[in-house]
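*Asks:* After the structure tokens below, expect a handful of questions from me.
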């Protein structure tokens, strides 16, 4: 992966060394030298298992693309069949792609296609020789995908489910799927809140990470884990009155990236989740966090949807305007954690 970092520096010339304190600037105008912009459109990145490619959505309800990091070559993954657009694309453990998208799209009512009543899960074979195969289940927002096994988890309504993707001949299908818990099972304060799955613990596949969001004003979110053997919940963020959304997990299972508004939890008297940046959360129940990005130093921008490479060296994430819809991205960037560690205290 050291060669990867060198190639990234060759591929994109990086301006500046540290994020600017000038809030009139776009954060892209003065990126620190440990962050590289790899695409100028796209959202919801996911790392290939070898760390050489990034999968991403063109836009919400758009096509899926893959970028080769060392060359910057972008290739379409969903141009070989007609479809109504996708909202998620994630690598499965065998290299195939799990998609989420609806069978129909109405430009006059686009968000209907993102609704759990319409968004379905599909498997796209990595050879790209055929259309994706539907798994026969609907999904609310993003599914969770194991990086080592063919296990997935997803939310539907107030319930989180888990299942296994199996290949009956050449055709993938979902088997052994079952409900794990409902929103009503959650501990206070998250009891009854909305749910979205995020990750399996890479060091303990029996633990599923997810986040719950709600509260009096609908802006609060907590990062939780569920032990599928012990049937117990753990609240890892424990941050009252802030928005902490679970994102990519580190391969050692000790920390997780989150989107959070802790730096602007009550910005201009407003309690909301548009003022996001990326933090690193310790998974030891301490609730300790460390801020990673400073895009929201200019309140018109935000950084979000971070994922960690399988070796833990890099983070892929997106930037957007603060007022953009949740999940919308305007380009994919990569952060080198090794370089960040050396310079994080010099900001």
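*Asks:* Using a ≥ b ≥ c from the Cα gyration tensor of the range 110-151 (square roots of the eigenvalues), is it rounded, prolate or oblate, where a/c under 1.5 gives rounded and otherwise the larger of a/b and b/c decides, a/b for prolate?
*Replies:* oblate
*Asks:* Still on this structure: Across the range 186-291, what fraction of all alpha-carbon pairs, as a whole percent, falls in each successive 10 Å bin from zero upward?
*Replies:* 16, 50, 28, 5, 0
*Asks:* Quick one: grab the alpha carbon gyration tensor of the range 78-181, order the square roots of its eigenvalues as a ≥ b ≥ c, and give me rounded if a/c is under 1.5, else prolate or oblate depending on whether a/b is larger than b/c.
*Replies:* Because a/c hits 1.5 or more and a/b fails to exceed b/c, the range 78-181 counts as oblate.
*Asks:* Going highest first, how would you order 103-114, 276-287 by mean Cβ packing within 10 Å?
*Replies:* Final packing ranking: 276-287, 103-114.
*Asks:* Same structure again: Mean separation of Cα pairs under 8 Å and 6+ residues apart, divided by the residue count of the range 78-181: what relative contact order is that in percent?
*Replies:* 19 percent
*Asks:* Please report the relative contact order for the chain, taking Cα pairs under 8 Å with a sequence separation of at least 6, and give it as a percent rounded to a whole number.
*Replies:* It rounds to 14 percent for the chain.
*Asks:* Separate question: Considering Cα pairs under 8 angstrom that are at least six residues apart, work out the relative contact order of the range 175-310 and quote it in whole percent.
*Replies:* 17 percent
Every number in this text was worked out from the coordinates using simple rules, so none of it is lab data. Keep in mind it's a predicted model, so treat the numbers as computed, not measured. Backbone-built Cβ (ideal geometry, glycine too); neighbour counts: all protein chains shown.
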